[in-house]
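One structure is given here, and the rest of the page talks about it.
The values are calculated or read from the model by the stated rules, or taken from the named source; none is laboratory data. Just so it is clear, the model here is predicted, and its values are computed rather than measured. With ideal geometry, Cβ positions are generated from the backbone for all residues, glycine too; neighbour counts draw on all protein chains shown.
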């Protein structure tokens, strides 16, 4: 049984440890778009402290406040005491879910995340994960508009039974004639929405003569459920994935992931989640040394950078966005830039570390005005960088940034760094 938020304060922090220095305020994503002390890290901690003491009831007002955090971890990054505000908010969202229940459309979404065969069917019937930024025509989207369901939308009137996900497009074991082998955890968005990411990764591995294992039994990392407070789904998926990874981890050099959020969930948040389940916490810790973001592993464990240097220089320029789950949670930001810079001119935006404003399922479905407000400044940074391409190793950022650029009429094209590297290898 998972701990409640009231019990978790002894896990890493107590609310009275906040020294009220205010360093978190300028970098807080929600406070920048809703300038109220209540929706700031200090405000969250004060309210969480009241909840810890039993002085605050989890009513609708408290629910709205705790669900307004983007979980970008900017506050943790700058906090002198590294207080894990995000972790405690994740816990209180579980309490909220227990009290208020989880909306039916979120339950339906998380059910798909538990069972990929259901996702495969939905995908062939024309359903994809989608941000609020791309509204479908009203005659197609009347039901989802009525119920405000942005995460799953029909992308066409007629189903396309020929549509195939990344995992279903390839055999599980791919022999590239190499002496090394890596497993691939692709993530839901790259598996269904952005299949060129996985195809590009396979192309790179083939060029490097590294064998690939597609790990076709993988389940969603469960980050969307974790950030929403559906811990039943997290428990189910996390335990399955850990057992599955254990079954093949000794046979591969690494499990590489071209998605920042998935990587952070598997490598870091699983251990946090299982803080009160010692056996599973230890098993999560044991497996995490095998888990890498794709650019991280390719940069540190192959000669890819030297190979890219021998290729033609691309005339297009790239501005790089640092996903919150890459730079702040995993310290990954130099590796993708190092690889991309071999063939593309890097034009840094004013604040590549600023959150794109995706914020998770609840933010996208019920508080999109916050997501939109946080995304517009990022789109403006991209425009002012005057690069032809914006890149980030995160498909959630991709959806949100594309939506924000659409609102702001920014013509820059988004590509995952893995796609850019594969294009460079073809030159």
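Find the residue count for the stretch 201-217, including only residues that are touching a strand residue (DSSP E or B) at 6+ places or on another chain (Cβ under 9 Å) and either surrounded by 23 or more Cβ atoms within 10 Å (Cβ to Cβ) or farther than 19 Å from residue 119 by Cβ (or both).
So the count comes out to 8.
Taking the criterion of being assigned to a helix (DSSP H, G or I), modelled with pLDDT of 95 or more, crowded, with 16+ Cβ neighbours inside 10 Å and touching a strand residue (DSSP E or B) at 6+ places or on another chain (Cβ under 8 Å), would at least one residue in the stretch 342-356 satisfy it?
No; the residues of the stretch 342-356 include none that is assigned to a helix (DSSP H, G or I), modelled with pLDDT of 95 or more, crowded, with 16+ Cβ neighbours inside 10 Å and touching a strand residue (DSSP E or B) at 6+ places or on another chain (Cβ under 8 Å).
Those residues that are in a strand (DSSP E or B) and under 18 Å from residue 221 (Cβ atoms), I need them from the stretch 282-334; list them, please.
Result: 291, 292, 293.
Do we find that residue 337 is in a helix (DSSP H, G or I), closer than 23 Å to residue 203 by Cα and either touching a strand residue (DSSP E or B) at 6+ places or on another chain (Cβ under 6 Å) or not assigned by TED's automatic domain parsing to the domain that holds residue 289 (or both) in this structure?
In short, yes.
Residue 294 - would you say it is at negative phi, surrounded by 20 or more Cβ atoms within 10 Å (Cβ to Cβ) and in the same structural domain as residue 258 (by TED's automatic domain parsing)?
The answer is yes for residue 294.
Can you tell me which of 390, 413 is under 22 Å from residue 326 (Cβ atoms), in contact with a strand residue (DSSP E or B) (Cβ under 6 Å, 6 or more places away or on another chain) and surrounded by fewer than 22 Cβ atoms within 10 Å (Cβ to Cβ)?
413
When you check residue 319 against the structure, is it under 15 Å from residue 416 (Cα atoms), touching a helix residue (DSSP H, G or I) at 6+ places or on another chain (Cβ under 7 Å), crowded, with 21+ Cβ neighbours inside 10 Å and not assigned by TED's automatic domain parsing to the domain that holds residue 388, yes or no?
Criteria not met by residue 319.
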